[in-house]
Structures are given as structure tokens and as C-alpha cells.
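Everything below concerns the one structure shown next.
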Amino acid sequence: MSYGVNQREGSLRAAAFVDRIIKGARPGDLPIEFSTKIEMVINIKTARALGLTVPPTLIARADEVIE
């Protein structure tokens, strides 16, 4: 199970910062931005291999379930 920042969104935000720097912005003048999308991913296959049972309510709340 993983709960954290969406990697795709983080990459897109990094690309936007690089674009602004290439266009002449000073890195020190750019604001600090935090990702707004946090996601939960559950790997059911690995959980079963480890002998773990994941409650259905937790599976229902996950953004992505790997089977």
C-alpha cells in the first residue's frame, strides 16, 4: 500500500518550473508549490502473497487497486 503524491502531477509541476526558468525566471523567485493530489494505491496481489487481508472498505477508498 502506498499513500502519497501523484507522480504524474509532480512531473508536470517540475516541467512547468523548468519552463519558467528557461524563459528567464530566477529560481529563487519562484514560489514553493505542494502537490494537491494525494493518492492511495493498494497492491492486492502482494498483500495476498504476504498473507495479509485488506478490508473491503479500504479497497473501496483506494484510488488505484493492483490485482
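Every number here is computed from the coordinates shown, using simple stated rules; none is lab data. For clarity, every value in this text was computed on a predicted model and none was experimentally measured. Cβ sites come from the backbone with ideal geometry, for glycine too, and all protein chains shown count toward neighbours.
Give the label of the value calculated from the structure for P(r) over Cα pairs in 5 Å bins from 0, in percent, choosing from [x] 4, 15, 19, 15, 11, 9, 8, 8, 6, 4, 1; [y] 3, 19, 32, 26, 15, 4, 0; [z] 3, 15, 18, 18, 16, 12, 8, 6, 3, 0.
Step by step, P(r) over Cα pairs in 5 Å bins from 0, in percent for this structure corresponds to label [x].
Sticking with the crude label model, points 7 Å out along Cα→Cβ, report the distance from Asp29 to Gln7 in nm, one decimal please.
In this crude label model, Asp29 to Gln7 measures out at 3.4 nm.
Separation between the Arg61 and Glu39 pseudo-spin-labels, each 7 Å from Cα along Cα→Cβ, expressed in nm?
Here the modelled spin labels are 1.8 nm apart.
Please state the relative contact order of the chain as a whole percent: Cα pairs under 8 Å, 6+ residues apart? Please report the intermediate quantities before stating the final value.
Working: 56 pairs, mean separation 26.5, N = 67.
Relative contact order comes out at 40 percent.
Let's test the formula: R0 of 30 Å, r as the Cβ-Cβ distance of Thr46 and Phe17. What FRET efficiency results, to the nearest 0.05?
Details: r = 34 Å, r/R0 = 1.13.
Computed FRET efficiency for Thr46 and Phe17 comes out at 0.35.
Putting +1 on Lys and Arg Cβ atoms and -1 on Asp and Glu Cβ atoms, find which of Ala16, Gly51, Pro27 reaches farthest to the positive end of the dipole of region 1-54.
Gly51
Quick one: putting +1 on the C-beta of Lys and Arg, -1 on the C-beta of Asp and Glu, what dipole do you get for the chain around its Cα centre, in Debye to the nearest 20? All intermediate terms of the calculation are to be shown ahead of the outcome.
Values: 9 positive and 8 negative charges, 18 e Å.
It comes to approximately 80 debye.
Relative to the longest principal axis of the C-alpha atoms of the chain, give the angle of the C-alpha long axis of helix 7-22, reported between 0 and 90° and rounded to the nearest 10°.
Around 10 degrees separate the two axes.
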